[in-house]
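For reference, the structure discussed in these notes is given below.
All of the numbers you see were taken from the coordinates with simple rules; none came from a lab. Quantities reported herein were computed from a predicted structural model and do not represent experimental measurements. No Cβ is skipped: glycine too gets one built from the backbone with ideal geometry, and neighbour counts run over all protein chains shown.
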Amino acid sequence: MSPRAAWRLESLGFAEVYEYAAGLADWLAFGLPTEGHDADQPRVGQIARRDAPVCALGDRIGDVRDRARAAGWDECLVLNDERVVLGRLRAAALAGDPEAIAADVMEPGPTTVRPDERLTTLWPRMRDTHVGRIIVTTPDGRLVGVAEREAIERERVEHESGAGRRA
């Protein structure tokens, strides 16, 4: 919305008016709230787990493996100080040399999706490619969470059956 339109809305009594120059697509990709006819569509950002284990580039694999297992995970996401996803350590990497460093054994640049991705489009892609988990990030690469295919399927089925969107 233009600055002029934002000021006009404020003058009409709207208390929370924002100018967002990047546009609607970017707003949605950051998982920000929406209204309108499409707002009830379940999106991956709503169900992404926020508890995925994370580590830094310089962390030892033995330490990372212990933290991931204690949390009940078989993988770990490698982040920088700004929480930007740099890589992924899958189970095989975590089972490797405990003295290795995350940066040396990680899968760099893992596939990610944006929080606004609809479950109705994401689920078939994950099913067809046999992907069990997908990393959810903002457009600038910051971690939102990890979505599991089973949770996506459950939410999608609930929504289609009329149970509605999760609060």
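For the list (1) more than 29 Å from residue 30 (Cα to Cα); (2) in contact with a Gly (Cβ under 8 Å, 6 or more places away or on another chain); (3) basic (Lys, Arg), I need the number of the one condition that residue 114 fails.
For residue 114, the exception is condition (1).
Any idea how many residues of the stretch 58-95 are farther than 22 Å from residue 137 by Cβ, surrounded by 15 or more Cβ atoms within 10 Å (Cβ to Cβ) and free of Cβ contacts under 8 Å to residues at least 40 places away in the same chain?
1
Residue check: is residue 94 under 14 Å from the mean Cα position of the chain (by Cα) and not acidic (Asp, Glu)?
Considered against the rule, which asks whether it is under 14 Å from the mean Cα position of the chain (by Cα) and not acidic (Asp, Glu), residue 94 comes out as no.
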